[in-house]
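Worksheet for the structure shown next.
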Amino acid sequence: MEKLLNWQYKLGKVIGIGAYGIVHRGLNLETNQIVAIKRFYTFDCKNGVPYTTIREISMLIEMYHINIVKLLDVISNTKNEWYIIFEYLDLDLEKYMYIMHQILSGVMYCHKHRIMHQDLTPDNLLIDLNASVVKIADFGMARAFDFPLRAYSPEVVTIWYKAPEILLGSPVYSTAIDVWSVGCIFAKMLMRQNLFAGASKNEHLRKIFSIMGTPNERTWPGVTSLPYYPAGLPEYYPEVISIIFASIFFYFASQEMLCMNPARRISARRALGHAYFKKKKRKEKKEKKMTILDPIEKKKKKMMMMMILDSVSFTFVVVVVMLTDY
Amino acid sequence: NLSDYTVSNSEEEEECIKLLLDREINVGFQTHNCSHIVIDNWIKCARLNAIAWILKTRSSLGFRFQTGYLAMTYFDRFLSRRAIDSDKWWAMQLLSMACLSLAAKMEEYRVPSPSEFQLEEYNFDSKVIQRMELLVLNTLEWRMSSVTPFAFIHYFIRTLGNHHSPPRNVVS
C-alpha cells in the first residue's frame, strides 16, 4: 500500500530488506523523481541512535561521486522514525561485465577520502540500468582511517568477501581489504558463483589456500605469526587459475586483486590504471553508442564473445608457455 | 613493514592531505557567523565543565584522544548554532553526554551504551539521551566525520622528520 511519508514523499513497495532497515521505492511529490527510501527499524533506546546509521549518513553526506550512491535527504517524523532518501537505482549486478571499472573508481574515491568501506558485497553494489552506472552503497560498516592504519575490528565484511589478513587475525589492516572483496565480486560476476565459499572461517581459509596456495614467510612475510594461522595445513600450491577459468580477464584479477599478502595487493588506483581497464574504457564508449539501438541482448552476446575470445587467446598463451617449457 | 600498509605513494598522500585540508576548512567554524553569538560567563563556565567531564570520561572508558577531541568539536559546533538557556546545567550535561556518545560511535570499536557514561548529578533516561543525540545530529546536519588534527600528525612528523615513518603509537 502506498502511503504518504510527509508532505514531500510517498512511500511505495518494499524493494529490499537489510539488517538495519527496509528499503522502499518512493516518490518525491514535488519533483516527481523516483527515489529509494531506507526506513530504519525502530532504534533500541538503550543504545541511542545506532552507530551504523550515524556513520552511513555522515559519510555519504560528504561524498559526491558518480559511483557512490547519492544521499538526497534525511527526514524524521514526530514518532521518532527516521528515513534516508537515496537516488533510486535498479538492483542487479550480474548483467554487466565492465562494471569493474566503475566499482574500482568508486572504491578509489573512498580510499582517497580516507574511507574504508569494509563490507563490499554484491548486494551493496547497485546499478542504474538506464545509464549503465554502478553505485557503491551501504556505508554502515565504513569508517574513516588515519595514518598509519591501526588495528581495526576484525568482525567486518561478510565472510565470503573477507580478506585473508582479517581471517588470520592480523592486528593491522588497510584499504587492501576492500580490493580483496572487489576481486571476489569480480570472480563471482564471471563464474556466477563464489570463488571461495567456506561455511566456517577455517573452511573458508582452507578454500582460499587450496586455490591461491598456502601462504608462507617467503610470499607473505609475517604470515605464520598471525594469531589464526592454522598449524599443520597441507602445503597447497597455487592453482593455475587461468586453467580453471580460462580467462585472461580473471587471471589479472586473481593475480593482483586476490594477492594474499595485503602489502603486495594492487591498490584500487593502480588496478584502474591497468591495461585491461584502459581497453575496457574504449569498449565501454562503443557500447554506449550501441545501447541506443539495441539494449541488453546485444550486450550479452558481445560479452559472451569477449569471454570466449579471452579464453581462446589465453589457452593459446598457455599452450605456447607449455611448449616453450617442455 | 608498516609503511606498506599506509598509502605507499607520496603523491597520493599529498592528495589525501589536500582533500583533508579542504574538508577541514569547509566544515570548520565560520567566524563571521559566530560573531553575533554572545558568549557570556555562564556559557564559558559550563563549557569548561563539559570539557573537563569529556576528558575525564574519555580516559575512564579507554577511548582514543581523537574521540574526546571530536566530542568537544561537536559540543562547540552545537553551541555555535543553538543557544542553551542560562543556568540549565542539566542541558549542558546532557549535551556533553550526547556529544561523547556520538563521537564514540564514529571512532570507537566497542561503544558502550550511553547509560554507562556516569554523570555525577543527573540521571537521564535513555530515551532522553537518544532525543538529545538526534537533536545534535540534526543541528550539525549529520556532518559528523569532522577532520581532526590527528589526521595530519603522522603526515607532518614524517614530512618534517627525514621521511622516516613515525613509531606507530605516537598518537593513539
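Just so you know, all these numbers are worked out from the coordinates, no wet-lab data involved. Predicted model only: the values in this text are computed from it and were never measured. Backbone-built Cβ (ideal geometry, glycine too); neighbour counts: all protein chains shown.
Some values worked out for this structure:
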| read-out | value |
| --- | --- |
| Centroid-to-centroid separation of the range A:6-78 and the range B:89-130 [C-alpha atoms, Å] | 25 Å |
| Under-5 Å amide H pairs with A:Tyr9, H placed in peptide plane, nonlocal only | A:Leu29 |
| Interchain or long-range residues, amide H under 5 Å from A:Ile68's placed H | A:Ile136 |
| FRET efficiency, 1/(1 + (r/R0)^6) with R0 45 Å, evaluated for B:Asn26 and B:Glu121 via beta carbons | 0.75 |
| Hz values of 3J(HN,Hα) by residue in the range B:61-69 - Karplus curve (6.51, -1.76, 1.60), Gly and Pro given as x | 8, x, 6, 6, 4, 3, 4, x, 4 |
| Residue order, fewest to most beta carbons within 10 Å, for A:Val49, A:Val107 | A:Val49, A:Val107 |
| Built amide H within the under 5 Å cut-off of A:Asp73, gap 5+ | A:Ile85 |
| Which of B:Thr73, A:Thr224, B:Thr67 has the fewest Cβ neighbours within 10 Å, and the rest in rising order | A:Thr224, B:Thr73, B:Thr67 |
| Shape call, the range A:182-227: gyration tensor on alpha carbons, a/c limit 1.5 | prolate |
| Whether the range A:3-87 is rounded, prolate or oblate, judged on the alpha carbon gyration tensor where a/c under 1.5 counts as rounded | oblate |
| Neighbour-count ranking [beta-carbon atoms within 10 angstrom, fewest first] of A:His111, A:His204, A:His65, A:His117 | A:His65, A:His204, A:His111, A:His117 |
| Which listed pairs, of A:Lys70/A:Lys112; A:Lys70/B:Lys56; A:Lys13/A:Lys135; A:Lys38/A:Lys135, have C-alpha distances above 27 Å, in listed order | A:Lys70/B:Lys56 |
